[in-house]
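Have a look at the structure below before the remarks.
The values are calculated or read from the model by the stated rules, or taken from the named source; none is laboratory data. Quantities reported herein were computed from a predicted structural model and do not represent experimental measurements. Backbone-built Cβ (ideal geometry, glycine too); neighbour counts: all protein chains shown.
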């Protein structure tokens, strides 16, 4: 279930990145990135119950990359009007 939710949020982020204005897009990416990071952390915790090196590596990597999305969206330079 979490994988489906994450996939849908990421697809929406990709579409909205192309259609929204820069200031709105920044906040959508920050909020969606936080949501995806939270879902990835839940998925990682679920995989810790039945540990396998492969699953833990993949989910931990997903957490790191998902956490970088809101970080870079926040730090991205603002356009001068």
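Residue count for segment 49-61, restricted to those that are in contact with a helix residue (DSSP H, G or I) (Cβ under 7 Å, 6 or more places away or on another chain) and either modelled with pLDDT of 85 or more or closer than 19 Å to residue 17 by Cα (or both): 1. Exactly one residue among 11, 48 is exposed (fewer than 14 other Cβ atoms within 10 Å of the Cβ), within 13 Å of the chain's Cα centre (by Cα) and without any contact (Cβ under 8 Å) to a residue 12 or more places away in the chain, and that residue is 11. Restricting attention to segment 17-30, does a residue exist that is under 10 Å from the mean Cα position of the chain (by Cα) and under 18 Å from residue 3 (Cα atoms)? Looking for residues that are under 10 Å from the mean Cα position of the chain (by Cα) and under 18 Å from residue 3 (Cα atoms), one finds none in segment 17-30, hence no. Against the criterion of being assigned to a helix (DSSP H, G or I), in contact with a helix residue (DSSP H, G or I) (Cβ under 8 Å, 6 or more places away or on another chain) and farther than 19 Å from residue 7 by Cα, residue 74 qualifies.
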